[in-house]
Amino acid sequence: MNKLYALIFGLGLISQVSEAQFDCSGGRYYQDVFPTFTLTSDVTYGEAINVNGNLQSLELDIYQPEGDTLSQRPLLILAHGGSFVFGSKTGLDVVSLCSKFVKLGYVVVSIEYRLGFGGLPSVSSATQAVYRGTSDMKAAIRFFRKSAGEGNPYKINPDYIFTGGVSAGAFTALHAAYIDEESEIPAEIDPVAFGGVEGNSGNPGFSSNTRAVVNLCGAIGDTSWINVGDVPNISMHGTNDPTVPYATDLITVLGFDLLTVDGSASIAQRMNNLGIPHEFISWQGADHVPFVSDANYQDSVYQFVVPFLGDLLGCDPTSTSAVEQTAKFELFPNPAKDVLYFQCNELLSEILLIDIAGRTMKQEKSPTAKSGSVDLSDMPAGIYLFQTITLSGERIVRKVIVE
């Protein structure tokens, strides 16, 4: 396999940790089965001393699928971006994600966390800013586990809490997931003042463990904090990101050179070396958080994060469609180099090959064939989605690696 794609894509690994825990029928967790949702805003989940030395109340917004009758639903907690200086739980970067994933059947939460450096950014103040956000993310996780034991008003499954974020928010999710030992607390952090590994933002006595991390253009202070047995993640990052390093490099905030951090490519390398299930979508030539303003990249986020989380729920995408699944489909070889072959027991009305930025690279409108091939000789190496629709309306999607 091409060295790059051996690094960025652990095909088959995720299935090793899947457990069938959820009813995924009717398209749930893969399709927009709930057209509307309810929003509960400004729920207090904790409090902590902020950068100005004041006690700050911490709040979050809760998105729930309207009309949902399930009493145990997976929870996705997200944090906004903004370089730990600005941004909010109602920012477009997170609201767009919350509004999408709630329609799939998740309970989705957007949290606020403490912002600010307390003066000019420095190595010490930047590290402390990240750690405050990390502590707040952990407190939010604990809040929901606590609520689950107190009548479970938000109808979550406390064993299936996923976390993630955008840019700085992804920093908080990554650090919350992988700083789990006292020895991993950075030297700039006073363990007593900051509350140790768990932080002191509220809800003590409950687990802050997450099931997996969705990292959208974030980084971690040191990949050595990721160890065998740690949770999976999916990372998505532009190769030309000038804000958060794509791999390992110096990060700059407000014009100040601060820390050397490990971006998504370095995280993926560490996960790959340790054999931890993960996926890494590398957006070639893309800037920072391109999905916020570009619909193609938004599609890319959903096309890959949706099945990543679905796998962890134990869902089989071939059994979740609202259309009865009757087609038997094969796609080979995978990885492929020059030619990709497909075979189905039903006639196919359309074939698409879509890149990770959501762009259609190849399209055949009406092949009306049960088998055939796709010429890949002019395709750049990378990860693609092969999508086809049968004449009966059944949609089939498969991931493909082109070497």
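Observations
- Theoretical ellipticity at 222 nm over the chain - DSSP helices of four or more residues, -39500 (n - 2.57) apiece, nearest 500: -7000 deg cm²/dmol
- The gain in end-to-end length when the Asn227 to Ala295 segment is fully stretched comes to 21.0 nm, 0.36 nm per residue minus the alpha carbon separation.
- Rg ratio (alpha-carbon, reference 2.2 N^0.38 Å) - segment 193-279: 1.21
- The ranking of Leu39, Leu78 by Cβ neighbour count inside 10 Å, starting from the fewest, reads Leu39, Leu78.
- Every Cα-Cα pair of the chain was included, and the share exceeding 42 Å stands at 12 percent.
- Cβ-derived FRET efficiency at R0 51 Å, Ser88 paired with Val339, nearest 0.05: 0.55
- For Gly199, net neighbour charge (Lys/Arg +1, Asp/Glu -1) across residues whose Cβ lies under 10 Å away: +1
- Each of Ser373 and Asn54 was given a label point 7 Å from its Cα along the Cα-to-Cβ line. The distance between the two points is 6.9 nm.
- Karplus (6.51, -1.76, 1.60) ³J(HN,Hα), θ = phi - 60°, over segment 379-384, in Hz, Gly and Pro reported as x: 9, x, 4, x, 9, 9
- A straight Cα-to-Cα reach below 18 Å connects Lys146 with the lysines Lys138, Lys155, residues fewer than 8 places away in its own chain not being considered.
- Taking other C-beta atoms within 10 Å as the exposure proxy, His288, His278 rank His288, His278 from fewest upward.
- Structural size metrics of segment 323-402, computed from C-alpha coordinates, are Rg and Dmax of 11.9, 36 Å.
- Shape call, segment 69-217: gyration tensor on alpha carbons, a/c limit 1.5: oblate
- For a modelled paramagnetic label at Asp190, 7 Å from Cα along Cα-to-Cβ, the residues of segment 86-126 in reach, with backbone nitrogen under 16 Å, are 118, 124-126.
- Model label sites at Glu350 and Asn273, defined 7 Å from Cα along the beta-carbon direction, differ in position by 4.4 nm.
Laboratory data are not the source of any read-out in this text; all were calculated from the coordinates shown. Predicted model only: the values in this text are computed from it and were never measured. All Cβ positions, even for glycine, are placed from backbone atoms using ideal geometry, and neighbour counts span all protein chains on display.
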